[in-house]
Structures are given as C-alpha cells and as structure tokens.
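First comes the structure, then the notes that go with it.
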Amino acid sequence: MKDFVLYCKSYSRDFLRLKRLIDSVKRHNVDQIPFYISTPASEKTLVDEVLGISDFQWVADEEIVAANPRSNLVKYLEMPGAISQQIVKAEFWRLGLTENYLCLDSDSKFICDFKKSDFVSNENVPYTVLHQNKELFQIAANRGHQNVGHDLRVEAERVRDLFKRVGPNFYCAPAPFNWSAKVWQSLDQRYLQLQGKSIWDLISHDYPESLIYGEALMKYHAIPLIAIEPLFRTYHYDWQYFLMKRLGENEKKLAKNYLGVIYQSAWDLDNHFGAKNKSLPSRVLRRIKRIGRYLQSYF
C-alpha cells in the first residue's frame, strides 16, 4: 500500500479536460507521486486513444464499486452520474492502493511544481481543507448572487445536523479533496454499518461527499485535523472568473498562493469532448447569457 497518490474519476465527456490535467501533472509532479484515473470500463478503448497510458494507472469504476461488499452494481448503473461519481471517488480507498489520496476533478490543472509534502505531514497525515467559505459568499453577495451563500449554507447545515454537531458550518471543498482512507473507513464502521447502510444510501444531492467527509472527520477523529485553505483557485461560475480576471488575476499570479486552478466544467463549455448534446439555438442562447455576465463584471 502506498502512502499517498493522486486520483481522478472521469468520463469521456471530460477527456479533453483530463488530458490537460494529465499534462500538468507530468510537468509539475516533482516527487513522481503515482497518478490513478478511473472511468467506466466501457470507455477503456477511448482512454487509450485520447489519453494514452504512459502517465497514469487506469482503474475501472466498476472495480471500485465491487470493492464494497454492500454495494449494488445495478444501483450504480441506474443512479445519476452526478451522484454516482461522488460515491466512486469516496470509495477509491477500498482498493487498498493507498492510505491517502488527492481526489482531483477533470477540470483541474496544476500551475506550479508540487511535492508530497504539500499534501501530507511527516507523519503521513493529510492536511484537511477546512474553512467557512467567506470569500465566495462575500463575492457572491457583492455581485447580487444571494442564492449562492444561501444554498451552500442550507446544504452544510443539513449534513452537520446529520452528525448532530453543534457549531459553525465548515466546508472541505472546493476540489481537490485531500482524503484519508481512515476517515472513510471510520464513517463506514462507526456510522453506516451500525445502521445497516452503505455509502450508496447516504451520498445524494442533499448530502454531498465533501461535507460528509469533513463531518465524519470532526465526529470520529480518525486522523488529526490539520486544517489548510483550498489548494486550488476554483472559478465556480463564469461571472466569478470574468470579475477576477478583470481585476488582474491570472495563472502566473495564482501560482504564488495556489497549486492549481479549476475552471468549472458547468460553465467552461469549450472543452467538452465528443459531439455537442445541445441544440444550436440552446448553445447560442447560452453564449448570449455568458456574454451578458461578462459585461456585467464591469458594473
């Protein structure tokens, strides 16, 4: 078992973004930390064609699913991809490959050199991203996007209440998530198994994996909590990207404080792989709205 690895759960739609991530890992991975990527087994041929096989180790999503004796492959196939991918990420530890892993999204990229010591202590304890999201909430409030703070607070309170914790909301997001297998195992043994459940019954639209991990860590103390701020700069919304860019932010400047950057695939439409699944009028309308948000950044 390895001490620490990089891991990304992806699928074909994100393969152009994933290729960009792979290239950035190859360029900046000073300590040659092993890199694992999982996709559906049906996409393995496309993985080889688009991404090659020399710079990472591939694992089938189905292998991760099957590693949990209480999982259900049929349920996995029927579940919306936005939810099932969260569970696959959270279950990667079950393969027994590593004690800790940096869980990356395909829309991430490293922008400077990184080492194992950026993620774990000398005692191999992963640093935990844990903060109160005040910067994002304030920027959203300044720009009139009140629903951003409201929705995230409601979500955090829901998960906090599930673990019966009293106190302020904490967030272990945005990605990448610096996770310990011990924390996921403690959740399974001390919460899920006692209720006759599996993680497939827990993670959902209302209970996202990042919040569950943080609350499980604070509840069961499987590892020492060494808190850090987010590792990557994340542009959650196009209006946020336009605003920060107009204020002079770029990747060169970001590299002074962040290891990488995330351009959320929900709004970064130019890097989808494969045929477009939206009609031409729909794509045109979406572009017009995006231009409007760009212009709004000046007011």
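One table, with the values for the structure above:
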item: Estimated vicinal HN-Hα couplings, Hz - the range 97-110 in sequence order (Karplus 6.51, -1.76, 1.60; Gly, Pro = x); result: 8, 7, 7, 9, 8, 8, 8, 9, 9, 4, 7, 9, 7, 7
item: Cross-link pairs beyond the 21 Å C-alpha cut-off, checked among LYS134/LYS252; LYS44/LYS197; LYS89/LYS109; LYS115/LYS256; result: LYS134/LYS252; LYS44/LYS197
item: Sum of side-chain charges, GLN264 neighbourhood, beta-carbon under 10 Å (Lys, Arg +1; Asp, Glu -1); result: -4
item: Inter-probe distance in nm under a simple model that places probes 7 Å from Cα toward Cβ, at LYS115 and ARG27; result: 2.1
item: Peptides 79-91, 147-159 ordered by average Cβ neighbours within 10 Å, highest first; result: 79-91, 147-159
item: Straight-distance crosslink candidates among aspartates and glutamates, where the alpha carbon sits under 13 Å from LYS219 and sequence neighbours closer than 8 are dropped; result: ASP161, ASP188
item: TYR127 long-range amide H proximity, modeled H, under 5 Å; result: VAL120, SER121
item: HN-Hα J in Hz across the range 134-146 - Karplus 6.51, -1.76, 1.60, θ = phi - 60°, x for Gly and Pro; result: 5, 4, 4, 4, 5, 4, 5, 5, 4, 8, x, 9, 5
item: Share antiparallel - DSSP beta bridges, the chain, percent rounded to 5; result: 30
item: Distant-in-sequence amide H partners of PHE4 (H built 1.01 Å from N, under 5 Å); result: GLU99, ASN100
item: Sorted by Cβ density within 10 Å, fewest first, the residues PHE4, PHE92; result: PHE4, PHE92
item: The chain, relative contact order in percent, only Cα pairs under 8 angstrom and at least six apart counted; result: 22
item: Environment charge at ALA222 (Cβ cut-off 11 Å; Lys +1, Arg +1, Asp -1, Glu -1); result: +2
item: Counted charge near SER117, where neighbours are those whose Cβ lies closer than 14 Å (Asp, Glu -1; Lys, Arg +1); result: -3
item: Most to least packed among 96-106, 114-124 [average Cβ atoms within 10 Å]; result: 96-106, 114-124
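Where a number appears in this text, it was derived from the coordinates with a stated rule and is not lab data. Because the structure is predicted, anything quoted here is derived from the model rather than measured. Every residue, glycine among them, receives a Cβ derived from its backbone with ideal geometry; neighbour counts consider all protein chains shown.
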